[in-house]
Structures are given as structure tokens and as C-alpha cells.
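K.L.:
This is the structure, below, for whatever I ask next.
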Number of protein chains: 2
Amino acid sequence: MAHGTETWTVTERRELADYRIFKAAELRSLGPHGKEGRFVILDAPDWAVVVPVVVREGGRFILSVRQYRHGSGVVSAEFPGGVVEPGEAPAAAAARELLEETGYSAGRVVHLGSCSPNPAFMANTFHVFAAEDLSLVAGQSLDEHELVDVEETPEDELLARVGEPPWSHALMMTAAWYYRKWRERSDL
Amino acid sequence: MAHGTETWTVTERRELADYRIFKAAELRSLGPHGKEGRFVILDAPDWAVVVPVVVREGGRFILSVRQYRHGSGVVSAEFPGGVVEPGEAPAAAAARELLEETGYSAGRVVHLGSCSPNPAFMANTFHVFAAEDLSLVAGQSLDEHELVDVEETPEDELLARVGEPPWSHALMMTAAWYYRKWRERSDL
């Protein structure tokens, strides 16, 4: 019997390091097989991204952003998003990031789904939203090292691109997965 | 001008810690805006997952696994997968993980796509495969703390579940995204 559906019990937790964007900790945990192991995990704030939808001449267009990413070392095309601040609702974070990165304010923010970015070692949650009834109300409002270009693409063309460079951010495929399921439910 | 499509130049790299499943490093990097910043990144081996497809009585079924995950602290339903070992081809890693976790050997392994798990701070690559012509050739061959249950689900039922608990691993939605695109191309 593999015990794959049983939970473990954390018996000890040791903080390892605080890297600001996440903290590393080591858990000692007792499994259903009666053995203990040690596992490194990362605690990070929750993240939120938003698929911003503009309806123009009867067609749907999606706003996206391009920015250099320091992990991969390449420019990445993404939906707007970022960190959920302490005490902030995920939907509010999505709307705030949309405004900061694109200057667009959303009349309606719809929760499409939430999941774990990587449950093997990440303890936080990733939230996905759609934004509708968009109005351009401001310029970008970015941090010192945030350099973000905004683009607008027909919905079908954009969804066809997600998964190939520069649309190579796994969490953007996750967001597209939720978005596409939502559209399929809505179009029923 | 936002400079979002221009790359940065790493001017210094400092190793911070080795946590075995990944190493933390701090990069000093010069941006197209003429300023330098410091960014923490994680170096990890590449990861591979495989969507194993069984054809039975004309219908397609997908094999998946359930296991407790120490980051999220809950049981997670996933496609088989794991770390690509040094010198190992990603497709070979996918076939090996499939065999170890389920006992199935694959006659055909198809590359569906590759991307970055999280380009903001992860330096590694995530590879997605489909496996076909499966034969049950062995029992599970798991590590000491790997407790994995195997399941078989009709393809349409499984794809409907991905995104809701226990199918809450973002990278599994990424894999499902690639898989669905591949099916749509194949069914043309």
C-alpha cells in the first residue's frame, strides 16, 4: 500500500533564510509509513495574475506585458500580475497590478481559479482573475527596476501563442488554462 | 520608453545556499535603464512530467499519481514526473519517472513543449511529454519517502478535473495546456 493519499505531520520547523521574495525553511515531517524525513520548503506571499479583456468592434483582445526576467535571463510575455500584499484581497492585488503595469482600471474582476505554484516546495497560493470593462485611466506606475511594455492581441491569436517563446512562463499557461475553461463555461 | 523587451547584463553572481533540490544565488544585474539591481534566483535541475495515455476499447485513459506534497501540506493529484538527472535527456527522465512511479514502460514518448517553471526567479526548464504504447512491466520503484498511488481516468474526465483540488499543481495545468494543444493539432 503506497499511502499516497495520506497526509504527513510536521514535527519540527527550522527557518533557514529570508530572501525577501521568499523565505526558506526546513520541515521535519512524519509520514504514514512511520518514518521521518527533512524537506526544504519556500514560504512566499500569494501571487495574483489577471487576464485583461478588451472588447472592441465585437472582438475580444487581451492585454499582456513584456519584461525581462532575472531567473530565466530572457524577456518574457505575461499577463499582468504580482505579489498579494499583506492584508490585501487577491482580487484587489490583481486590479492593482493591472493598473500599475498597464494604466487600465477594471470595472469587473472575476476569480477564475486558485492553485499551488508548486506544492512540492512552495507554500503559497497562485490566484487567477479575468478583468473586464477596462478604462485607460493613468500611465504606468512601476518600481525602480520594473521595465514593462504593454501589448494588445486578439484573444484567439494570444491563446495560440501561450506556451511558445516568449510565452514561456508556466504560470501563464496555468492562467490560460483557467481562462479557457471559464470561456467554455460562459459560452455554453 | 519602458525597455521591457531589452535584456539585462549580469555583472556579479554570489552563491547563497545549497538546499539540494535547488541552490540560491544573488545576481547583480545592469538594466537597459542604466541602473544596477540585486536579484535572488534559484538554480534547480530541469524537471520533466509525462502524460501517460492508455487506449482501451477505443477510448483514451490517462494515468496519474497521488502523493502528499510538503510545500502545500496536502495530497496532490499529478502526472508522473520528477527531476532530470545530470547527463540524462529530458525524454529519458520522463520515461524513467513513469516507470518508477507507475511500473509502466512507454513504447513512444512525445515532446509536447518546454517552458520556465517561473522565470522571475527559477533558472531551470520544465519539459512536458506524452507517453503512448504503455505496458505494465514492473511494480513501483520509489525512494524511501515517496508514497505514490496510481490512478487511471478517462481523458475527458481527467482534463475536466485539472485545476480543481486535488489537481491544484500549477505545473500540471501547464502540462495539460500543452497536452490539449497537441491533441487539437493531432485531431485536425
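K.L.:
Before rounding to the nearest 500, sum -39500 (n - 2.57) across all DSSP H runs of length at least 4 in chain B and divide by the residue total; then give [θ] at 222 nm in deg cm²/dmol.
P.N.:
Helix-only estimate at 222 nm: -6000 deg cm²/dmol.
K.L.:
Taking B:E88 in one copy and the same position in all the others, each labelled 7 Å out along Cα→Cβ, what are the pairwise distances from the first, in nm, shortest first?
P.N.:
Label point to label point, same position, other copies: 3.9 nm.
K.L.:
Defining the label point at 7 Å along Cα→Cβ, can you sort the distances from B:E184 to the same site in each other copy, shortest first, in nm?
P.N.:
Spacings between copies for this position, smallest first, are 1.0 nm.
K.L.:
Another one. Quick check: Cα centre of region B:92-135 to Cα centre of region B:7-65, how many Å?
P.N.:
Spelled out, the Cα-based centre of one part sits 15 Å from the other.
K.L.:
Moving on to the next point. Across the residues of A:109-116, average count of Cβ atoms on other protein chains within 10 Å?
P.N.:
4
K.L.:
Can you tell me the 0 to 90 degree angle between the C-alpha axis of helix B:170-186 and the longest principal axis of chain B, rounded to 10?
P.N.:
That helix lies at roughly 60 degrees to the long axis.
K.L.:
Could you check the spin-label model distance between A:D18 and A:A160? Points 7 Å from the Cα along Cα→Cβ, value in nm.
P.N.:
If labels sit at A:D18 and A:A160, their model points lie 4.9 nm apart.
K.L.:
Turning to a different aspect of this structure: For chain A, find the longest principal axis of its Cα atoms and tell me its angle to the long axis of helix A:90-102, 0 to 90°, nearest 10.
P.N.:
50
K.L.:
If the elastic network links every pair of Cα atoms under 10 Å, which of B:D43, B:D143, B:D133 fluctuates the most in the Gaussian network model of chain B?
P.N.:
B:D143
K.L.:
Please sort A:102-110, B:45-53 by packing, taking for each peptide the average over its residues of neighbouring beta carbons within 10 angstrom, highest first.
P.N.:
Result, highest mean Cβ count within 10 Å first: B:45-53, A:102-110.
K.L.:
Follow-up. Under 22 Å Cα to Cα from A:K181, which lysines show up? Leave out anything in the same chain fewer than 8 places away.
P.N.:
Answer for A:K181, where 22 Å is the Cα cut-off: B:K181, listed by chain and number.
K.L.:
Another question, then. Count, for each residue of A:119-131, the Cβ atoms from other chains sitting within 10 Å of its Cβ, then give me the mean as a whole number.
P.N.:
Partner Cβ neighbours, averaged per residue: 5.
K.L.:
What does the average come to when, for each residue of peptide B:70-81, you count the partner chain Cβ atoms lying within 10 Å of its Cβ?
P.N.:
Neighbouring Cβ atoms belonging to other protein chains average 6 per residue here.
K.L.:
Would you kindly work out, in nm and rounded to one decimal, the distances from the label point of A:E151 to those of the same position in each other copy, ordered shortest first, with label points 7 Å along Cα-to-Cβ?
P.N.:
Ordered by increasing distance: 3.7 nm.
A short reminder: the numbers here are calculations on the coordinates, not readings from a lab. Values in this document were obtained by computation on a predicted structure and should not be read as measured data. All Cβ positions, even for glycine, are placed from backbone atoms using ideal geometry, and neighbour counts span all protein chains on display.
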